[in-house]
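For reference, the structure discussed in these notes is given below.
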Amino acid sequence: MVKINGEQLGIDGYSMTEYLLSAGYDIKRVAVELNGNILPKADYDETLLKDGDSLEVVSFVGGG
Amino acid sequence: MIPAKDEWQRALIYRHGTEFQKRISSSVVAVCGLGGLGSNIAMALARAGIGKLILIDFDRVDITNLHRQQYKANQIGLYKTEALMHNLIEINPYLEMQLHTVCIDETNTKELLTDADIICEAFDNPEAKANLVNFVLEKMPRKYIVAASGMAGIGSGNTIKTKKLSRRFYLCGDEKSEVSEKSGLLSSRVMLCAAHQAHTVLRIIAEEFEV
């Protein structure tokens, strides 16, 4: 199980890109913290999510 | 009559205490984007006696900005950097500022933000927000970033919050309320979000790192 924004999801084995697209995120608008560290966008394709990972996905909305 | 510098410092110390004021006065904060968030963040930090502000925006003051941004009708058409500098100096005549009337992108971000201890993301475009946050967290490992997402509309002020995402990354807003044709930006709710950002900056300076 992978913890995403506090919720446990069975997405072990997905790449970061696969998860974000399947969940409907616009990759250009997100920042991802994996186990407390920023995950560089260049690494999304090759980063495979594994049991016990903890993710925070921030998806920015417009306005300021 | 403008107060002398030592009078000004004494007044700040009276309000904030010697130690905390010393920290505030020696901190450098960059404000990226000088719209509803950035102009209000800068106001709060200027009043608190921040050591130096790095103010960055490529745009000019427009009539549609005046309902929520810290500019005046007679400043329409001026660069926001210059108009805001003028307004901040009227409040804090001893404020040190560095102005950059440019568009931030990956080619100049590092150089523009080198001197900053804490960076405020105050853009309106969601991709620009994501780009700056990713850049700072990936490439500038000593800096703190205080970003904002979700402050449009007439929703409750109580839903605007500060979250700590990781050691150097704070996010203010309700994370949902996007600006749209149906849901515009109201000065009160944008100011709440800007106040969260400015307050988070001051808490980091005070070494109060939890939210």
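Annotation note: Cβ proximity below 7 Å between a residue of segment A:23-36 that is on the phi > 0 side of the Ramachandran plot and touching a residue at least 12 places away in the same chain (Cβ under 8 Å) and a residue that is open to solvent by less than 60 Å² (accessible area, probe 1.4 Å) and part of a loop (DSSP other than H, G, I, E, B) (sequence gap 6+ or interchain) occurs for A:ASN35/A:ASP53.
How many residues does segment A:40-60 contain that are open to solvent by less than 20 Å² (accessible area, probe 1.4 Å) and facing another protein chain (nearest Cβ under 9 Å)?
Kept after step one, since they are open to solvent by less than 20 Å² (accessible area, probe 1.4 Å), are these residues of segment A:40-60: A:44, A:49, A:53, A:55, A:57-58, A:60.
Restricting the remaining residues to those that are facing another protein chain (nearest Cβ under 9 Å) gives A:58, A:60.
Selection size over segment A:40-60: 2.
Across segment B:9-25, the number of residues qualifying as without any contact (Cβ under 8 Å) to a residue 60 or more places away in the chain and either among the basic types (Lys, Arg) or touching a strand residue (DSSP E or B) at 6+ places or on another chain (Cβ under 9 Å) (or both) comes to 3. Only one of the numbered conditions (1) without any contact (Cβ under 8 Å) to a residue 60 or more places away in the chain; (2) out of contact with any strand residue (DSSP E or B) (no Cβ under 8 Å at 6 or more places or on another chain); (3) open to solvent by 50 Å² or more (accessible area, probe 1.4 Å) is not met by B:VAL102, and that is (2).
Open to solvent by less than 10 Å² (accessible area, probe 1.4 Å), under 10 Å from the mean Cα position of the chain (by Cα) and more than 14 Å from chain B (Cβ to nearest Cβ), is that true of A:LEU21? Taking the combined requirement at face value, the residue does not satisfy it. Would you confirm whether any residue within segment B:66-76 is open to solvent by 10 Å² or more (accessible area, probe 1.4 Å), touching a helix residue (DSSP H, G or I) at 6+ places or on another chain (Cβ under 6 Å), under 30 Å from B:ARG10 (Cβ atoms) and part of a loop (DSSP other than H, G, I, E, B)? The answer is yes; a qualifying residue exists.
Taking segment B:31-68 as the range and being without any contact (Cβ under 8 Å) to a residue 40 or more places away in the chain and either of a type in the set (A, V, I, L, M, F, W, C) or out of contact with any strand residue (DSSP E or B) (no Cβ under 6 Å at 6 or more places or on another chain) (or both) as the test, the residues that pass are B:ASP59, B:VAL61, B:ASP62, B:ILE63, B:THR64, B:ASN65, B:LEU66. Each residue in segment B:157-211 was checked for being among the β-branched types (Val, Ile, Thr), within 12 Å of another protein chain (Cβ to nearest Cβ) and not in a loop (DSSP other than H, G, I, E, B), and 1 of them qualify.
Exactly one residue out of B:ALA148, B:ALA130, B:ALA116 is closer than 22 Å to B:GLU208 by Cα and in contact with a helix residue (DSSP H, G or I) (Cβ under 9 Å, 6 or more places away or on another chain), and it is B:ALA148.
Out of the residues in segment B:116-153 meeting the condition of being of a type in the set (D, E, K, R) and within 7 Å of another protein chain (Cβ to nearest Cβ), tell me which one is surrounded by the fewest Cβ atoms within 10 Å (Cβ to Cβ).
Let us first name the residues in segment B:116-153 that are of a type in the set (D, E, K, R), namely B:117, B:121, B:124, B:127, B:129, B:138-139, B:142-143.
Then keep just the ones that are within 7 Å of another protein chain (Cβ to nearest Cβ); that gives B:124, B:127, B:129, B:138.
On the way: B:ASP124: 19, B:GLU127: 14, B:LYS129: 27, B:GLU138: 16.
My answer is B:GLU127.
The values are calculated or read from the model by the stated rules, or taken from the named source; none is laboratory data. Worth saying up front: this structure is predicted, and the values here are computed from it rather than measured. FYI the Cβ positions are ideal-geometry reconstructions off the backbone, even for glycines, and counts take in every protein chain you see. Heads up: the accessible areas ignore ligands, DNA and RNA and are worked out on the full protein's heavy atoms, side chains in. Shrake-Rupley method; radii C 1.70, N 1.55, O 1.52, S 1.80 Å.
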